[in-house]
1. Relative to the Cα centre, what is the charge dipole magnitude of the chain, using +1 at the beta carbon of each Lys and Arg, -1 at the beta carbon of each Asp and Glu, and rounding to the nearest 20 debye?
2. Taking Cα pairs under 8 Å and at least six residues apart, what relative contact order does the range 50-120 come out at, in percent?
3. Rounded, prolate or oblate, given the Cα gyration tensor of the range 99-208, with a/c below 1.5 counting as rounded?
4. Which pairs in the list LYS43/LYS112; LYS43/LYS127; LYS65/LYS127 are over 18 Å apart, alpha-carbon to alpha-carbon?
5. Rg/Rh for the chain to two decimals, with Rh computed the Kirkwood way over all alpha-carbon pairs.
6. Got a sec to turn the phi values of the range 217-230 into Karplus ³J(HN,Hα) couplings, 6.51 cos²θ - 1.76 cosθ + 1.60 with θ = phi - 60°, whole Hz, x for Gly and Pro?
7. Could you derive backbone 3J(HN,Hα) for the range 102-107 from the dihedral phi with the Karplus parameters 6.51, -1.76 and 1.60 (θ = phi - 60°), listing whole Hz in sequence and x where the residue is Gly or Pro?
8. Long-range amide H contacts for GLY46: which residues qualify at under 5 Å (H placed 1.01 Å from N, peptide plane, sequence gap of 5 or more or a different chain)?
Amino acid sequence: MRPITLFTALILFASCTTKNGGKGEEQWIQLFNGENLDGWDVKIAGYDLNDNFGNTFRVEDGLLKVRYDAYDTFTDQFGHIYYKKKFSHYKLRVEYRFVGEQAPGGAGWAWKNSGVMYHAQSAASVKKDQSFPVSLEGQFLGGDTEGERPTMNLCTPGTHVHMDGQLVTQHCNTSASETIRDDAWVTAEFIVLGDSLIHHLADGDTVLTFTRPVIDGGDVPEGFPLAGGTPLKEGYISLQSESHPIDFRKVEILDLSR
């Protein structure tokens, strides 16, 4: 596929927004209804599909919460909750905050660490012991009292991307966001135009941009149906559980393919 230019992508985005009714009339779809987990599938590593071990993913007080109070220790039980419909061209908005203390046994790198997996394989296709879906990850990180730890980074389980015209094969790529040190709500946004242009935004600021995601890398599970180098044009959206409690109060999408 011929790479799309930023100018062309912006025209496409404006055109798709007009199709959805224009500014002030955008038809956002609420993926999380604030009441229950209807429309979502749970897959936790080591457990069968929709075995929500320990009530990890739950709805309380109108929030989608990730909790570990039923875990004796966290032993790489990385989990994801997947919306059941896949998307290709969209704007995704998620509001999140880290809370509480990390589960016992959680890795140091997983402290105040979660994220959104998008353009992901389906929950049903994830193997029982597979830790992370083949996907693109908008990584959420919280900061400590000192040092820098930007949020809205890009991680790439089973995928590679292009930045500034060059293939990027490193697993995680740091955004330009500020470090968020407290438990304030953060608005994470993603503008995803198929396999052409993708933006990450943190609290309204564009902090990372890349193009042309493809299937590739050592994290592709054996028997995965798409060959290496296949453009990643669409997929599912999931929220992570990686051992630190997190709240989500909004998960909504503007479908730009209509």
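1. 920 debye
2. Numbers: 41 pairs, mean separation 20.1, N = 71.
Computed value for the range 50-120: 28 percent relative contact order.
3. Details: a/c = 1.79, a/b = 1.15, b/c = 1.56.
Here the range 99-208 falls in the oblate category.
4. On the way: LYS43/LYS112 21 Å; LYS43/LYS127 9 Å; LYS65/LYS127 24 Å.
Exceeds cut-off: LYS43/LYS112; LYS65/LYS127.
5. Details: Rg = 17.4 Å, Rh = 18.5 Å.
Looking at the chain, the ratio lands at 0.94.
6. Each residue's phi maps through the Karplus curve to give x, x, 8, 6, x, 4, x, 4, x, 9, 6, x, x, 5 Hz.
7. These are the phi-based 3J(HN,Hα) values: 5, 5, x, x, x, 5 Hz.
8. Correct list: ASP129, GLN130.
No lab work stands behind these numbers, since they all come straight from the coordinates. This is a predicted model, so every value here is computed, not measured. FYI the Cβ positions are ideal-geometry reconstructions off the backbone, even for glycines, and counts take in every protein chain you see.
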